[in-house]
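A quick write-up on the structure given underneath.
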Amino acid sequence: MSAIQIIPIEWYLTLSAILFGMGALGVMYRKNAIILLMCIEMMLNAVNLSLVAFSAHHSDPGAQVFVFFIMAVAAAEVAVGLAILIMLYRNTGTTDVEVLNRMKW
Amino acid sequence: MNLTLTEILFFVLSAITIISGALVIFSRNPVYSVLYLIVTFFAIAGHYILLNAQFLAAVHVIVYAGAIMVLFLFVIMMLNLNETTEPKTALWSKFAAVIAGLTFLPLLVGALKTSEAVVMTQPQNSDIGLVKTLGQVLFTDYLVPFELSSVLFLSAMVGAVLLGKKSTEETN
């Protein structure tokens, strides 16, 4: 007996919402830019989880292909984001996002 | 209340996901955050297996736990970040973040509760998560996005190398 017959989709959506909310909380709570990137990964994973749940409940492989593309985009995003972070660290000596407030003015 | 094995597995995996996700946010040392995020990703891979998405579970472990997290860990160790270099957050800022996050959660869950119940077709074939099915869909219906993602990777690679190397004025 597999999970799609037993576990209702609402449970998966609630778990996904909690995970997304925790990612959003982390983005607001932390000041370290690397942790912010990790929280963004967590939010992407929450969306992936709900997409896979929908895919399994509708017997549609299209959503899983979509998740595959989201993973590819996340990998590219992390590579570029960490390169920007290293450049930022080389210029300012810190990964604190509060230092980057010069774009306000 | 009798719980089947699948339900017990779902609850255990959900508990691991949520607790380690909270520890990612609240641990002071960035290295611990990365390690807890790896635990979160493994729990999500377990959810994928429960949902009959075996191929995605494997790709998830390989890409996230294997590639992305190693990149994070490598950068954190290269920059030598630890608890002493951690930026200080003002107390009111933390307070505001927690309030904003905790009001965001009931919003999402409430939106789920008030949304109309989706009529689910009873799932018949449970092999949609296998490599064969996904490969057929990927290389027929989604061929153009697949090829475009290679262009995305190329540009990301060029961007990462350009951003990561030292400028020539600096080295001379």
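The values are calculated or read from the model by the stated rules, or taken from the named source; none is laboratory data. Since the structure is predicted, the reported quantities are computational estimates derived from the model, not experimental observations. Remember, those area values only see protein heavy atoms, side chains included, never the ligands or the DNA or RNA. Shrake-Rupley method; radii C 1.70, N 1.55, O 1.52, S 1.80 Å.
Observations on the model:
- Per residue, chain A exposes 38 Å² of solvent-accessible protein surface, assessed with a 1.4 angstrom probe and all protein chains in place.
- Helical segments meeting 20 Å axial Cα length and Kyte-Doolittle 1.0 threshold in chain B (DSSP H): B:5-26, B:30-50, B:91-114, B:143-164
- Where the Cα pairs of region A:3-99 fall when distances are cut into 10 Å bins, in %: 16, 36, 28, 14, 6, 0
- For region B:42-86, the solvent-accessible area of protein heavy atoms averages 41 Å² per residue (probe radius 1.4 Å; ligands and nucleic acids excluded).
- Calculated mean residue ellipticity at 222 nm for chain A: -27000 deg cm²/dmol, from DSSP H runs with n ≥ 4 weighted as -39500 (n - 2.57), summed, divided by the residue count and rounded to 500.
- Sequence-distant lysines (8 or more away, or on other chains) whose Cα lies within less than 30 Å of A:LYS31: A:LYS104, B:LYS88, B:LYS94, B:LYS165, B:LYS166
- Based on Cα contacts under 8 Å between residues 6+ apart, chain A shows a relative contact order of 27 percent.
- Top of B:VAL61, B:VAL34, B:VAL75 by mean-square fluctuation, Gaussian network on chain B, Cα under 10 Å: B:VAL75
- Within the accessible area of the protein assembly as shown, the carbon and sulfur atoms contribute 71%, probe 1.4 Å, all protein chains present.
- Calculated [θ] (222 nm, deg cm²/dmol) that DSSP helices of n ≥ 4 give over chain B, each run adding -39,500 (n - 2.57): -23000 deg cm²/dmol
- Cα pair distances in region B:1-111, grouped into 5 Å bins until the bin that holds the longest one, percent each: 2, 10, 14, 17, 18, 16, 12, 6, 3, 1, 0
- Mean-position separation - Cα centroids, region B:16-64 and region A:10-30, in angstrom: 13
- Backbone geometry of region A:49-58 corresponds, through the Karplus equation with coefficients 6.51, -1.76 and 1.60 at θ = phi - 60°, to 3J(HN,Hα) couplings of 5, 5, 5, 5, 5, 4, 4, 5, 6, 9 Hz, x marking Gly and Pro.
- Interface burial for A against B (accessible surface, 1.4 Å probe, total of both chains, Å², rounded to 100): 7100
- Cα-only Debye scattering, the protein assembly as shown: base-10 log of I(q)/I(0) at q = 0.08, 0.16 Å⁻¹: -0.37, -1.30
- Stokes-Einstein diffusion coefficient of region B:53-166, Kirkwood radius over Cα pairs, 20 °C, 1.002 mPa s, in µm²/s: 108
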